[in-house]
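Okay, so here's the structure we're looking at.
The values are calculated or read from the model by the stated rules, or taken from the named source; none is laboratory data. Here the structure is a predicted model, which is why all the values come from computation and not from measurement. All Cβ positions, glycine included, derive from the backbone under ideal geometry; neighbour counts span all protein chains shown. In case anyone asks, the SASA skips ligands and DNA or RNA and just uses the protein heavy atoms, side chains included. Shrake-Rupley method; radii C 1.70, N 1.55, O 1.52, S 1.80 Å.
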Amino acid sequence: MKRKIALVFVAAMAASILAGCGGTDGESAAKKDSGKKVVLTFGTHQSGIPSCGVVQELAEKYEEETGIKIDFQISPDAQWRDLLKVKLDSAEAPDIYCVDSDVLSLYSRIRPDDNAVDLSGEEYVDRMADYAKECVTYDGKVYGIRFAEPKINFYNYNKKIFSDLNLEPPTTYEELKEVCQTIQDAGITPIFEATQSSWHQAVPLCVTGAYYESKDPGLYDALNDNKKDIKDVDTMLTVLKQMNEFAELGFYGEDYLSNTAESDKTEMGEGRVAMTIASQGFGAIVAENYPEMEGQIGIFQIPFGDSDVLGLNPSSAAYFVNSKGEHVEEALDFFRFLARPENLQYRQDNNPEEMGLCWPEIEPEYPEEITEYINSLKQGTVLQVGVKYIDPQFMDIGKDIEAMYTGALTPEQVMENISNRRIEQAKLQKDKAWE
């Protein structure tokens, strides 16, 4: 049973479609018979495009129409940000590159005015939701195109395992701890943790930022104005200590230090783990390969720190055209192709990871259960979007947490490192609040 999602944040962010949505039904500017032998390079990280392959499918359709091939160059999540910076600095970036973009870190990540093509005049820009445009805008110009709605991460759990063990979704840290102990005693790994992917273990610490802010109203502003040091956010330190305790108790299993995020679907589908952190579309993806799991994966809010606020992340993976590339016009034409209404619909219909798009003309569809649960929760903005100089070090935070798990760092040292990197970034950006 699916229906249009009624989330408050979607209603607020996805404003009505502006007039002038035409111009997408014309033929592509690049024709099959143009004689061009063009291959567009598309650089991205693993989580930058849906794992179901829908973007590659659209690229094949584009090649059929134009004769232009899209060469996807996919890098591990943990390496992509640094690799892209090197490529941009050396003028060797791909024709199209994917970046996790948000208002606070877009410039420091890619310097769009120097490395990306201004898309402001493109017809489809006005059709994107306002919050999506904000995340790819610098100095009043729109530089990127994106597709996904705001990201939300939950603990996705195996309903059958919970039912067999008479467990209910936990709402506090102590409840989560008790649930994990019961599952572990039954010989099942309680939580799938993907430490090799770096970002994965940073999620609980950062999505809980909405709760930090709710407990200390004005915290984000104080951090951004350098009136408070992030290492002094007590609830954040508490969450780190709780995450570390889970590692010490063995709740992540024996091999979690070698896990990558790409394995979570298999581990959950085959019943070897009971929970994993993922978006609300995770269950539908698992069911595609494991039909017996249809309807068997539920979600609950990440309760570290006793958080009762759902963290929303309006940023998302966005695509940019390399202004120094050899095939700018062809890359721009591919973006126009992706933005056609029929191709937007195809993306949503064939991608269980995205039950909604940041394009108001495409109606989002969510299972009733998910819609009702999300609407029942208080909501706020995640740390990496609300606080400056967090998102650029997201992978570093993940690596520090891994070091904490192995005993190389204490939770207090992880907090100190986060603080020091913020200071370093602020000074590099000549942030007046740090003068």
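For the range 131-279, the percent of C-alpha pairs falling in each 10 Å distance bin, counted from 0 to the bin holding the largest distance, reads 10, 32, 31, 20, 7, 1. Can you find, among 190, 319, 224, the residue farthest towards the positive end of the dipole of the chain? Put +1 on the C-beta of Lys and Arg, -1 on that of Asp and Glu. Result: 224.
3J(HN,Hα) along the range 179-196: 4, 4, 5, 5, 5, 4, 5, 7, x, 10, 5, x, 10, 7, 10, 10, 5, 5 Hz, from the Karplus curve 6.51 cos²θ - 1.76 cosθ + 1.60 with θ = phi - 60°, whole Hz, x for Gly and Pro.
What a 1.4 Å probe finds exposed on the chain is 46% carbon and sulfur by accessible area, rounded to a whole percent.
Principal semi-axes of the equivalent ellipsoid, √(5λ) from the alpha carbon gyration tensor of the chain, are 35, 26, 20 Å from largest down. Bridging of residue 151 to aspartates and glutamates at a Cα separation below 13 Å is possible for 100, 102, 353, 354, once same-chain residues fewer than 8 apart are set aside.
Taking each of 231/399; 37/87; 228/427; 160/241 in turn, the alpha-carbon distance tops 20 angstrom for 37/87; 160/241. Farthest toward the positive end of the dipole of the range 299-412, out of 404, 379, 334, is the Cα of 404, where the dipole comes from beta carbon charges about the Cα centre.
Tell me, what are the semi-axes, in whole angstrom and largest first, of the equivalent ellipsoid of the range 238-362 as set by the roots of 5 times the Cα gyration tensor eigenvalues?
Working through the eigenvalues yields semi-axes of 35, 20, 16 Å.
Taking every alpha-carbon pair in the range 294-435 and binning the separations at 10 Å intervals from zero gives 9, 23, 28, 26, 14, 0 percent. P(r) tail for the range 116-191, what percent of Cα pairs lie past 19 Å? Value for the range 116-191: 55 percent of Cα pairs lie more than 19 Å apart. At q = 0.23, 0.24 Å⁻¹, what is the log10 ratio I(q)/I(0) for the range 291-353, with the Debye formula run over Cα points and no solvent? Values, matching the q order: -1.08, -1.11. Once both axes come from the Cα atoms, what is the angle between helix 54-66 and the longest principal axis of the chain, in degrees from 0 to 90, rounded to 10? With both axes taken from Cα atoms, the answer is about 10 degrees. Remark on residue 151: its backbone amide H falls under 5 Å from those of 313, 315, a criterion applied only to residues 5 or more positions apart or on other chains, H modelled at 1.01 Å from N. Overall shape of the range 204-264 was characterised from the C-alpha gyration tensor. The equivalent ellipsoid obtained from it has semi-axes of 30, 13, 10 Å, in decreasing order. Starting from the Kirkwood radius over alpha-carbon pairs of the range 74-133, derive D by Stokes-Einstein at 10 °C in a medium of 1.306 mPa s and give it in µm² s⁻¹. Result for D is 122 µm²/s.
Scattering from the range 71-208 was approximated by placing one identical point on each alpha carbon and applying the Debye formula without solvent; log10 I(q)/I(0) at 0.09, 0.13, 0.17, 0.22 1/Å stands at -0.45, -0.76, -0.99, -1.40.
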